[in-house]
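Single-structure report; data block below.
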Amino acid sequence: MAIGVKVLERPIEQTSYLRATLNGMRLTLKHMFQEKVTWQYPEQKWPLSPRWRGTHRMLTTEDGKAKCVACGLCPTVCPANCIKLVPGEDEKGNRYPLVFEIDEFRCIFCGYCQEVCPEEAIHVGRHYENSEYSREGFVYDLERLMAQTHPVCEMWDPADPKGE
Amino acid sequence: MTIPVYAVLQAAPPQSMFVFLVATVIKMLIFFTIYMIGIAMLTLAERKISAWMQDRHGPNRVGKGWLQPAADGLKNIMKEETYPDAAYTPIFILAPAMAFIPALVTWAVIPFGAPWDSPWGRIELALAPLPIGFLFILALSSLGIYGIVLAGWSSNNKYSLLGGLRSSAQMVSYEIAMGMSTIPVLMLAGNVSLNQVVERQSTIAPLSWNAATCTIAWLIFLIAAFAETNRLPFDLPEAESELITGYHTEYSAMKFSMFFIAEYGNMVTASALMATLFFGGWDLPFTTWDNLAPHTGVKTLLTTLFFFAKILFFVFFYMWIRWTLPRFRYDQLMALGWKLLLPTALTYIVIMASAILGLQIAGFGPASWQYNGALFGLNVLLVLLLFFVLDRGRIVSPSYSRLDPRHLERLRAVTAARTAHQASAQARS
């Protein structure tokens, strides 16, 4: 029952159904010719923030080896436990990773690994389009991490908090 | 007044049976092809227009969007068809076709171009130019409802059934208003043959178009046509939010698609009827060149194109309204049909009949400027009356405005008293 319904005193233009309809039609017609807001995704991409944390990337030295020294900091700091690291040592005593795998499915893209890395080797990158036919495909090994070419994330700088 | 039955029967010019058959078959083939492709393209048009009105792009992937209907059709044919266990299968299968066929058959009598005096005799640009054209349309458009009702019933699903029930109630209500609204048109034409209706409008177009001389009838017809075709704002039979798309809930694949085809088919047919009855049919405005002999092929082509342009405009209008107005509440729908459209249509018949009689007594012929001008003036007056006097929250009203203001005050007093009573009871306890 209509008891307690708030009754508004509206002007005639608003209670008149036909005129309100015509107004609505004018509005929709106007929108027909307005600029479209859709982004045509695969062709047209939204710009990523410089601090976007996406797919990992292992940077390399000039002679094409991974910068990683297998210090073990990143698997330690990783809250999702997604980094698998087996350290190795060559004849000169340089440490290098025998196995370095990141499970991109487990990763929460917090960026701690990049933050903690003393050699600035492992980075999260400005990249998000990943697809695979199997779950195993998302376990990126060292070679694959080194083969990535996308730009890397710029870490937040406390001296320049707004990124200017 | 004697009805010239013999003259009407002889209206079809003599031509050999062979030419008639060949011409009819060719007309049917061409028309059916254009109609079906047109309907497919209309599904694309609907999606495009809805997208534009919402500041989107719409389908633009499959062949820049143009092949989208083909892709949809292919998908629907390949999909699995499901049959509910409890459904009554024969009618369940028959219903989609029954929804579509009346819309298609209605087209048989609509003249879509000027007649063509071909080397083999005159060819009428209508598939079957019946002398009783309009009665045929009325008879068939009532059949369209069966598809929906039977689909709702045979699905054996309560929401489908509710959708079917709603559609039957709605269509029956608006059928009456629709039929009544066309009576002034028939009175002006003096005949139910659609060719005659077009001919009468062609005299001094566009002033003699029925949209100018029967404006209110046109408005009523427009609204009733929306309800007849189950388009928004009258799409209660398929209300997604309440009925899970109503009568076609249980349908899948191509049978579901058939309902879509039927909807667009109905839309095109209703648009064609509107163009024929109120916008001069295939008549070109501002000239009588197209109506006079010799009936060359050029005239036929031009008038046909113009007729289809009119249809497309009305189809666009349908879509425009669809993406503008929200759905009616059920009581508003019924109130609009029975309490506004029907009385208005009846009153309008009386007004128009008096006006026509008055003009005849005054001695103005139906083709004269005075005759059409006077009717146009009368209609402008009536439209202003409708827009500015009648339509003050009365045409479609919220539920409270049906209450008498004093009644409303009383109800409010009762509520206030009850609230106060409850408050005091709570305070005591």
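Throughout, read-outs are computed from the coordinates displayed, never taken from laboratory work. The structure displayed is predicted, hence computed values, not measured ones. Backbone-built Cβ (ideal geometry, glycine too); neighbour counts: all protein chains shown.
What the table below lists for this structure:
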quantity	calculated
Longest to shortest principal axis, alpha-carbon extents of chain B, angstrom	98, 63, 42
Residue exposure sequence - B:Ser167, B:Ser193 - by fewest surrounding Cβ within 10 Å	B:Ser193, B:Ser167
Burial ordering of B:Ile39, B:Ile132, fewest other beta-carbon atoms within 10 Å first	B:Ile132, B:Ile39
Per-residue mean of C-beta atoms belonging to partner chains within 10 Å, peptide A:16-25	6
Averaged over A:37-44, number of beta-carbon atoms from partner chains that fall within 10 Å	2
All lysines inside 25 Å of A:Lys92 as judged from Cα atoms, apart from same-chain residues fewer than 8 positions distant	A:Lys65, A:Lys67, A:Lys84
Value of [θ]222 nm, deg cm²/dmol, for chain B, DSSP H segments ≥ 4, -39500 (n - 2.57) each, nearest 500	-21000 deg cm²/dmol
Under-5 Å amide H pairs with A:Val152, H placed in peptide plane, nonlocal only	A:Arg126
Per-q log10 I(q)/I(0), the protein assembly as shown, q = 0.08 Å⁻¹ (Debye; single scatterer per alpha-carbon; no solvent)	-0.76
In the stretch A:28-78, the chymotrypsin sites (Phe, Trp or Tyr not before Pro) that fall in loop regions by DSSP, at most 12 other Cβ within 10 Å	A:Phe33, A:Trp39
Helix axis angle, A:17-32 relative to chain A longest principal axis, alpha carbon, degrees	30 degrees
Reference-scaled alpha-carbon Rg (2.2 N^0.38 Å with N residues) for the stretch A:54-147	1.04
Table column - 3J(HN,Hα) (Hz), the stretch A:122-136, Karplus curve with 6.51, -1.76, 1.60, x for Gly and Pro	7, 9, 8, x, 8, 7, 9, 8, 10, 8, 9, 8, 9, 5, 4
Net dipole in debye of the stretch B:79-397 [+1 Lys, Arg Cβ; -1 Asp, Glu Cβ; about Cα centre; nearest 20]	540 debye
Most fluctuating residue given options B:Leu301, B:Leu277, B:Leu21, as computed from a GNM of chain B linking Cα atoms under 10 Å	B:Leu21
Averaged over B:315-324, number of beta-carbon atoms from partner chains that fall within 10 Å	3
Span-like helix ranges in chain B, DSSP H, alpha carbon extent 18 angstrom or more, Kyte mean at least 1.6	B:17-53, B:89-106, B:133-154, B:215-228, B:342-362
Lysines with Cα under 30 Å of A:Lys30, excluding same-chain neighbours fewer than 8 positions away	A:Lys45, B:Lys48, B:Lys64, B:Lys310
